[in-house]
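What follows is calculated from the coordinates using simple rules that are stated; it is not laboratory data. Remember, it's a predicted structure, so these values are computed and weren't measured experimentally. Here the Cβ positions follow ideal geometry from the backbone for every residue, glycine too, while neighbour counts run over all protein chains shown.
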Amino acid sequence: MDTVELLAKFSDPEVIGTLSLTQRLLAGLITTILGMGITFLALVILQIVTSLFEKLAPTHTAALQPSPAPAPAPAQEPDQKQQEEELIAAITVALATQLQTTTSKIVIRNIRKLEDHSPTWNRVGLAEQMNNNS
């Protein structure tokens with residue numbers, strides 16, 4: 001019995017019982033090798049296509065580079081000081097609400113902006129989620 005006939009019999013659930021143990025093992029092995037081979041071939045093709053897209057697509061490395069931090073201003077403008085006070089007030093209210101306490105018990109002494117080292121796709125996804133939920 002050749003391989004094609006064996007696989008045809010192996011695909012019919014009623015005929016599987018009539019096959020010998022050796023034939024069932026051989027058909028299972030052939031099926032496994034075919035499945036793994038097709039999967040491996042598809043992954044290789046996908047890798048080739050991905051690498052071609054990388055080479056053909058224009059690179060936007062300048063857009064992905066973080067911009068240098070601006071030098072701190074020597075004197076704060078009155079408008080900037082008012083914005084900072086509003087930010088402190090908003091943070092104080094948010095903390096008081098979260099901690100279920102009054103704002104008089106919370107003192108904010110220092111506010112530092114932390115650099116965001118997350119990848120661009122992460123920031124874009126987070127922004128989309130926040131826009132969709134509002």
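Structural remarks
- Convex hull projection area averaged over all views, the chain, Cα basis, nm²: 19.4
- Per-residue [θ]222 nm for the chain (sum of -39500 (n - 2.57) over DSSP H runs n ≥ 4, rounded to 500): -21500 deg cm²/dmol
- For the pair GLN80 and THR50, the difference between a 0.36 nm per residue extended length and the Cα-Cα distance amounts to 6.1 nm.
- With the simple spin-label model, which puts each label point 7 Å out from Cα in the Cβ direction, the ILE88 to ALA127 separation comes to 3.0 nm.
- Efficiency of FRET between GLU14 and THR39 - r from beta-carbon atoms, R0 22 angstrom, step 0.05: 0.20
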